[in-house]
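Working notes for the structure below.
The values are calculated or read from the model by the stated rules, or taken from the named source; none is laboratory data. Just so you know, these numbers come straight off a predicted model, no measurement behind them. In this analysis, Cβ positions are derived from the backbone assuming ideal geometry, glycine residues included, and neighbour counts consider all displayed protein chains.
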Ligand SMILES: O=C(O)C[C@H](O)C(=O)O
């Protein structure tokens, strides 16, 4: 162990650790979730530190040795090195100061090492050098925006892949007529392709929404320091640091019009989370539908078969469960729950900052991660391998009364109701009933009850028109 000091006193820090006394105190203060801060937030914070060091060096506030050492140490962290040096719990009081200090301390010790010093010697100081012209309150929200943007783009691609797989199935099943169901009761026929098209369209909307919302996160408050007023940050630095950050991240970031606003308001995270929730709602609906349609195999709907991924039961040999949709349901529940936590955290900010951003980070980045993985397993471990039970679909259409509504434009409501009553009583098909009752000739009945036209818009256009 080595001894480090701060204004509260002394503390032992493990000799091997790149972190310092602030992080050590945080480890003791927040034994909460057991999860460290998301690695993408750490990487984004490291890029902010690199950008600040570049700006400070260029403007003459940092000497070159110190500046370059910070830049190198920060770049290593941004590239994923020293990942085990960020043990601070994801849930923490203090608006993210512990995370900011964890990054400051690791950069300071690594930079010290690069300059030939030992850990704890602080040739590069975590506060005076690494945190120069910054506050947690501007670097943390900025880093969270960067981390979220970097994760949202791959998420929108993962959702696009799910859309693509759903559309392939839409085309494959375009000719399969099956019962529609409304309120879970037999309704008019649809094609299986049409059911896939409904899911694909919902997912297409999610993809677009998530792709677009990334733009809303590009307004950052870096340079605003503690309260958005920019106290302690030189004017040229405030302008230059954003430029550096743009170059280092490759993202079109802009200084927010009002640094005060972006320092205290977290509504953009509620907005992003709301869109993730909408996507979760859609994934959940698809997973529910797939579980219903594949139920059985003998005593259920049994219209489709999901790929069999693993043995389902320890007591019922041969049973296979819809594990992928079930997992996706749980992903959706988790994302929806995260949205509530994010909403509460965002709405409880007070005066100059939102002190609950650590909870927002924890939930938002996890939700993006989960949603992307959920969309991928749904696409590639389930939807792509779905097959149809064509005979079952046809049998359900033929032996239910769901084709009867297509008689309405020809026979009207009352006679169609008679056909339904008769078919039910005599246990015959609708086709048979309409003939038995003498409402249509055999030839006309075949024309009107043409299964190829059933689920097409325009099926009511003069069904008995003369050729
Ligand atoms: O850590 C800081 O820079 C500021 C802190 O978040 C605070 O506002 O108390």
If you check residue 263 against the conditions, is it within 16 Å of the ligand (Cβ to nearest atom), at pLDDT 95 or above and under 25 Å from residue 46 (Cα atoms)?
yes
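Here is a list: 143, 111, 160. Which entry is in the same structural domain as residue 282 (by TED's automatic domain parsing), touching a helix residue (DSSP H, G or I) at 6+ places or on another chain (Cβ under 8 Å) and without any contact (Cβ under 8 Å) to a residue 60 or more places away in the chain?
160
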Among the residues of segment 195-236, the number that are within 16 Å of the ligand (Cβ to nearest atom) and in a helix (DSSP H, G or I) is 0
Across segment 85-104, which residue is surrounded by the fewest Cβ atoms within 10 Å (Cβ to Cβ) among those that are within 13 Å of the ligand (Cβ to nearest atom) and in a helix (DSSP H, G or I)?
97
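Yes/no per residue for (1) out of contact with any strand residue (DSSP E or B) (no Cβ under 8 Å at 6 or more places or on another chain); (2) loosely packed, with under 14 Cβ neighbours inside 10 Å:
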residue: 273; (1), (2): yes, no
residue: 279; (1), (2): yes, no
residue: 284; (1), (2): yes, no
residue: 288; (1), (2): yes, no
residue: 293; (1), (2): no, no
residue: 300; (1), (2): yes, yes
residue: 303; (1), (2): no, no
residue: 306; (1), (2): yes, no
residue: 313; (1), (2): yes, yes
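Any residue in segment 116-130 that is within 13 Å of the ligand (Cβ to nearest atom), free of Cβ contacts under 8 Å to residues at least 40 places away in the same chain and surrounded by fewer than 24 Cβ atoms within 10 Å (Cβ to Cβ)?
Looking through segment 116-130, at least one residue is within 13 Å of the ligand (Cβ to nearest atom), free of Cβ contacts under 8 Å to residues at least 40 places away in the same chain and surrounded by fewer than 24 Cβ atoms within 10 Å (Cβ to Cβ).
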Within segment 4-20, the residues that are surrounded by 14 or more Cβ atoms within 10 Å (Cβ to Cβ) and touching a residue at least 24 places away in the same chain (Cβ under 8 Å) are 4, 13, 17, 18, 19, 20
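Yes or no, residue by residue, for (1) modelled with pLDDT of 95 or more; (2) in contact with a helix residue (DSSP H, G or I) (Cβ under 7 Å, 6 or more places away or on another chain); (3) assigned to a helix (DSSP H, G or I); (4) outside the structural domain of residue 233 (by TED's automatic domain parsing):
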| residue | (1), (2), (3), (4) |
| --- | --- |
| 15 | yes, no, no, yes |
| 18 | yes, yes, no, yes |
| 45 | yes, yes, yes, yes |
| 50 | yes, yes, yes, yes |
| 69 | yes, yes, yes, yes |
| 72 | yes, yes, yes, yes |
Based on this model, can you work out whether residue 308 counts as more than 25 Å from the chain's Cα centre (by Cα), in a loop (DSSP other than H, G, I, E, B), under 30 Å from residue 140 (Cα atoms) and at pLDDT 95 or above?
no
Name the one entry in 179, 189, 141, 154 that is in contact with a strand residue (DSSP E or B) (Cβ under 9 Å, 6 or more places away or on another chain) and part of a helix (DSSP H, G or I).
141
Of all the helices (runs of 4 or more DSSP H) wholly in segment 352-467, which have at least 3 residues that are at pLDDT 95 or above?
357-381, 390-399, 408-426, 430-436
